[in-house]
Every structure is written in structure tokens, then in C-alpha cells.
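Contents: one structure, followed by commentary.
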Amino acid sequence: MPIRYCVRFLIAAIALAVLPRACIAAPHTTIRPGAVWLDKQGHGIEAHGGGILYHDHTWYWFGTDRNPQLDAAKRYVRCYSSHDLIHWKNRGHALTLADPEHLGPRWVLERPKAYYSPLTHQFVMYMHLDDAHYKYAHVGVAESNKITGPYHFVASFRPLGLESRDIGQFVDDDGQAYLVFESRPSGGFYVARLSPDRLSVRTPAVAFFHIPLEGGALVHYDGMYYVMGSHLTGWRANPNVYAAAPTLSGPWTEFREVAPGSPNTYGGQSTFLLKVAGTKTSTVIFMGDIWKPRALWDSRYLWMPLEIKDGRMLLPEPEPWTINTKTGITTIYPKQPRPMQ
Ligand code: GAL
């Protein structure tokens, strides 16, 4: 190697060793909130309003595919799989549906969430089904014997007999599965248990919150439950809020903003709280959508590790970051060097 390259290499190595972490450029293997996120095949990831199912040591990401080149009469849920939460393999359309309840043109399928039933060994997908005016307000349920699908439509219904629009998913550490759903006539949102076969919603609800929130999500972390959602401003982002409690039946804290440093949660809307339990630490990832209503297919993803302690949660400013899914440890790479502590 010519001497000048050796010298450059030496300088680079010394710089990496002595510079504060904040000044080191992010490696290519980062999650970049708000950027186009390519799958392993080099296509933009289409998994909006999504959720994650961890199964057989693999994460599966389900969300709506809004590609405008698809058949406009149908709705599509795409599935991706990953072992590191950074690189995602496109597993194709898990669900392709043609207006199963005759809801008419511009019918709506949003926020698909997939569960596994240890009882039946089937995979069950919940989704928000609606007509163009959001009056139908049902959940749809589809089932498959393979995690990646194809899922087959089973039924649609109103959970607990109530109007249901945005839905969220939660599976507790004990395997119990829950559905979170917003129900505006009652001025709030519910958390309800699913049956062991995951095909129906158990009554009564385990929690009701007197605040209508969409993009509902829930996580159990370090002995506390955290519920989160956004206010009802359509595709426009607003300050997402959360509350905490030692048990699902409460007592719950008041709702607080998760990103007090931003008037609109950095442009994102919650869709899922993903806990990664590593050997060294557990990390909870805020998964949100940065919607582009005029080009929904180009909506971006806002994923960031949350700072959580004693019933308080904070979504830090979005920056490139990585996670070691074995240890659970995350590293953030600020774009602007931060002053040294
Ligand atoms: C949002 C909701 C989205 C979609 C949108 C339609 O509030 O979270 O899933 O329904 O409204 O305006």
C-alpha cells in the first residue's frame, strides 16, 4: 500500500478512536427516520399503519401497500421479515382483498395487525374496514396457516358491539393478546382481550380511556404498561400522548405528550410500540407513520428508541440509529455534532 494511504488510514483510525461518538458519521446500517426505507431487493418499503409480529426468532412487519399501480378495486397488506430490524426482506402480499363487505368504491382497509394463536397454530390478522365516509367502522379478521399468508377473509364485526376505527395491537409477556380500538361515540378508546383462537374480542374491555385516540399502541416495559395514541386530526400529525399504569386496569397516570420538544411528534403518528428484549437491555421502539395524504405510498416511517423511566416516556428527536437485536442496545448518530457533556 502506498505510504500516503497508510498515513490516511492511520489518521482515520486515530480520529475514530478519539472523536466523541456524536461526531462519527452514521454507518450505512442505520434506521433513518423520515428517509426512504428500501427493502433488501431495493424497493421502498410499503407497510403503512403497520405492526410487528415476532415469531420463530424473526420479526414480521405487516402494513398497507399503497402503491398506486395496484388494482384500485382491491386493498393489499404487505409483509416483510427481518432478523435485525434494519434489513427487511419483502415477503409479498400477505393479504389481497376485494371489498369483502360491499363497502363501495374508495373502501378502506387500514392498520393491519397480525397475531399468532398458540391454540389453533393459525395466524390471525385484524384490520380497520370502512367505507369512503368512515361510517362502517368495523374490524375485519383474516386467517392463514402461514405467517406470511395468504390470509383469507373470515368476517367483520364491531368489537364489543362498538364502532371501531383505528386499531392497535398488544401481546403481553404472558402471551395474552389484546386489541386497542378507538370508538368515538363513547368519547374514548378501549383495550380488550382477544379469545385464545384470536378470532373474537372478549367482553368486557380491560381498559377504557376517556380520550379519543387513534394510532393506539401499548407496551409492557419494566413493570409498567404504557398506552399511546394520537389525537383525531386525520392524516395531519399532532402531539401524540401516553399514559402509564402498573396494571392494565390502572390506576393510569394522566396523558402526557411523548415528544414535548415537537408540536406534532416530529411529523409522525404512532402505530406500534415494539419491545426488543435483549441480553443486556430492553428497548422500546416508537413506530410511527409520517403520512403524505396526496401520495400515501410515499409516506415515511418514524422509528426511534424511546427513553423510558418510572412511568415517563420520551421520544427523542429523530436521528439515524441502530440496534443490536441480541443485546437490545441502541446507538444514535446525531446528524449535527452535539456539544460534549
Ligand atoms: C387518521 C387515521 C388513519 C386514517 C386517517 C384518515 O387519523 O389514523 O389511519 O384513517 O385518519 O383521515
*Using the beta-carbon distance between A245 and S186 and R0 = 22 Å, what value does 1/(1 + (r/R0)^6) give for FRET efficiency, to the nearest 0.05?*
0.65
*Calculated P(r) of the stretch 3-332 - Cα pairs past 32 Å, %*: 26
*Over the stretch 47-192, consider all pairs of different Cα atoms and compute the Kirkwood hydrodynamic radius from their mean reciprocal separation; express it in Å, one decimal.*
15.5
_Estimated distance in nm for a label pair at T203 and L70, the labels positioned 7 Å out from Cα along Cα-to-Cβ_ = 3.4
*What residue among Y60, I290, G42 has its Cα farthest toward the positive end of the dipole of the stretch 3-332, where the charges are +1 on Lys, Arg and -1 on Asp, Glu, each on the Cβ?*
G42
_Using only the alpha-carbon atoms, what does the stretch 268-341 span along each of its principal axes? Please give whole angstrom values in decreasing order._
42, 30, 25
*Nearest 0.05, what FRET efficiency do T331 and D222 give at R0 = 25 Å with Cβ-Cβ as r?*
0.75
_Given N residues in the stretch 23-85, what is its alpha carbon radius of gyration divided by 2.2 N^0.38 Å?_
1.30
*Could you pull the Cα extents of the stretch 168-291 along its three principal axes, largest to smallest, in whole Å?*
44, 39, 27
*Dipole magnitude (debye, nearest 20) for the chain, charges at Cβ of Lys, Arg, Asp, Glu*: 940
*asked:* Please compute the length gained on full extension between H133 and H57, using 0.36 nm multiplied by the number of residues separating them and subtracting their Cα-Cα distance.
replied: 23.3 nm
*Treating only the Cβ atoms of Lys and Arg (+1) and Asp and Glu (-1) as charged, compute the dipole magnitude of the stretch 83-228 about its Cα centre; round to the nearest 20 debye.*
240
_For the stretch 65-150: rounded, prolate or oblate by the Cα gyration tensor [a/c cutoff 1.5]_ = oblate
_Cβ-based exposure ranking for H57, H93, H133, H87, in which fewest neighbours within 10 Å come first_ = H57, H133, H87, H93
_Based only on other Cβ atoms within 10 Å, what is the fewest-to-most ordering of H128, H152?_
H152, H128
*asked:* Test of understanding: ordering Y116, Y80 by Cβ neighbours within 10 Å, fewest first, what list do you get?
replied: Y116, Y80
*Rounded to the nearest 500 deg cm²/dmol, what is the calculated helix-only ellipticity per residue at 222 nm for the chain, with -39500 (n - 2.57) per DSSP H run of length n ≥ 4?*
-1500 deg cm²/dmol
*Using the Karplus curve 6.51 cos²θ - 1.76 cosθ + 1.60 with θ = phi - 60°, work out ³J(HN,Hα) for each residue of the stretch 127-144 in order, rounded to whole Hz, and write x for Gly and Pro.*
8, 8, 10, 7, 8, 4, 9, 6, 9, 5, 6, 10, 9, x, 10, 9, 9, 8
_On Cα atoms only, tilt of 3-18 relative to the major axis of the chain in degrees_ = 60
*For the residue pair N145 and D99, what label-to-label distance in nm results when each label sits 7 Å from Cα along the Cα-to-beta-carbon direction?*
3.2
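No lab work stands behind these numbers, since they all come straight from the coordinates. The model shown is predicted, which means the values in this text are computed figures rather than measured ones. So basically every Cβ, Gly included, is an ideal-geometry build from the backbone, and we count neighbours across all protein chains shown.
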